[in-house]
Amino acid sequence: MSDADRRPAAGLNTSVPNVARMNDYFLGGKDNFAADRKAAEEVLAIAPEIRTMAQEAQAFLRRVTSYLIEQGMTQFVVLGSGLPTRNNVHQVAQAIAPDTRVVYVATDPVVLSHARAMLATNPHTTIVEGDVLHPRELLNDPELRRLIDLDLPVAVLILSALQFIPDEDDPHKNVAILRDAVPTGSHFAIGHVVFDTRPEAAGPLVDIYRKVLSRHEDASRRSDQVLRFFDGLELVEPGLVYVRHWRPDNPLATQGREKTWTMGGVARKTED
């Protein structure tokens, strides 16, 4: 289907690249337009491994979700949700524990529109408008509170949003507010692109995403800066690692030179 054959939702500007649709393109999806593909190809020209990184991030999300269900988590809040794909959090979680409740959080109108349509018939899953930079407003959202009991442990997943938020917006402080607002026994899963092994790619990639997001600040981080998001929490094994090394299904697949550079970890809140 060509772009001309599609009917984008009213009010959506498909001539401007969109991060969620770019990621859809990296994953081989069809919910993207010419502007998204052009920007995505500019990214791939600098770092062709980005396509593999998108796939590894999806696999990490699946393993993290399964792990959290095994730990008894029955409530999930997923911040910075992208376009619905296969093996979304609610699909993985509810396949194991059907009564699991999942709330996706996004500000992107593309994501909100797609997710609302997809989740309309799922009574245990919804999406709300919000972001990690407004944690108090998010936790008071009536639709979120309809499904999530904040007196019980919650799994908070922030697997892609933080890497687009510069320090000027104080994301570490806002993650800490979320941490303090949920009860003991809650878990946080965080994923983040780092530039430890590809410092030469940071500048060109940041420039592309600054244009896409209409921002001027640099949101790139090293692994030690990402580790700060887990302050006040107890990291579970194997800690903050490249995502392919986080409890892999096949340990043999992680051998060899590290070619991608997304890190992730899961941590538990052990005390208020």
Could you calculate the contour length gain from D99 to A117, that is, 0.36 nm times the residue separation minus the distance between their Cα atoms, to one decimal place in nm?
4.4 nm
What are the GluC sites (Glu not before Pro) within the stretch 196-252 that DSSP puts in a loop, where the Cβ has at most 15 other Cβ atoms within 10 Å?
E217
Please give me the summed charge of the neighbours of N122: other residues whose Cβ is under 14 Å from its Cβ, Lys and Arg +1, Asp and Glu -1.
+1
Which trypsin sites (Lys or Arg not before Pro) from the stretch 23-59 combine a DSSP loop assignment with at most 14 other Cβ atoms within 10 Å?
K30
Row for the stretch 52-114, column shape: gyration tensor on C-alpha, a ≥ b ≥ c, rounded if a/c < 1.5 i.e. under 1.5, prolate if a/b over b/c, else oblate; value oblate
Any chance you could run the full-extension gain for E49 through T197? It's 0.36 nm times the residue separation minus the Cα-Cα distance, nm to one decimal.
52.0 nm
Of the residues A54, A201, A115, which exhibits the maximal mean-square fluctuation in a Gaussian network model of the chain defined by a 10 Å Cα contact cut-off?
A201
Burial ordering of H216, H134, H114, fewest other beta-carbon atoms within 10 Å first:
H216, H134, H114
Restricting to DSSP loop positions (anything but H, G, I, E, B) with no more than 12 other Cβ atoms inside 10 Å of their own Cβ, which chymotrypsin sites (Phe, Trp or Tyr not before Pro) remain in the stretch 30-68?
none
Long-range amide H contacts for V156: which residues qualify at under 5 Å (H placed 1.01 Å from N, peptide plane, sequence gap of 5 or more or a different chain)?
V77, H187, F188, A189
Whole angstrom only: what separates the Cα centroid of the stretch 16-31 from the Cα centroid of the stretch 74-88?
16 Å
Using a Gaussian network model on the chain with a 10 Å cutoff between Cα atoms, which of A106, A120, A97 fluctuates the most?
A120
Solvent-free Debye scattering, log10 I(q)/I(0), computed from the Cα coordinates of the chain at q = 0.07, 0.13, 0.15 Å⁻¹
-0.23, -0.86, -1.18
Cross-link partners of K38 among aspartates and glutamates (Cα-Cα below 20 Å; sequence separation of 8 or more within a chain)
D3, D5, D24, E49, D108, D207
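FYI, it's all coordinate maths here, none of it is from the lab. Quick caveat, the model's predicted, so the values are computed rather than measured. With ideal geometry, Cβ positions are generated from the backbone for all residues, glycine too; neighbour counts draw on all protein chains shown.
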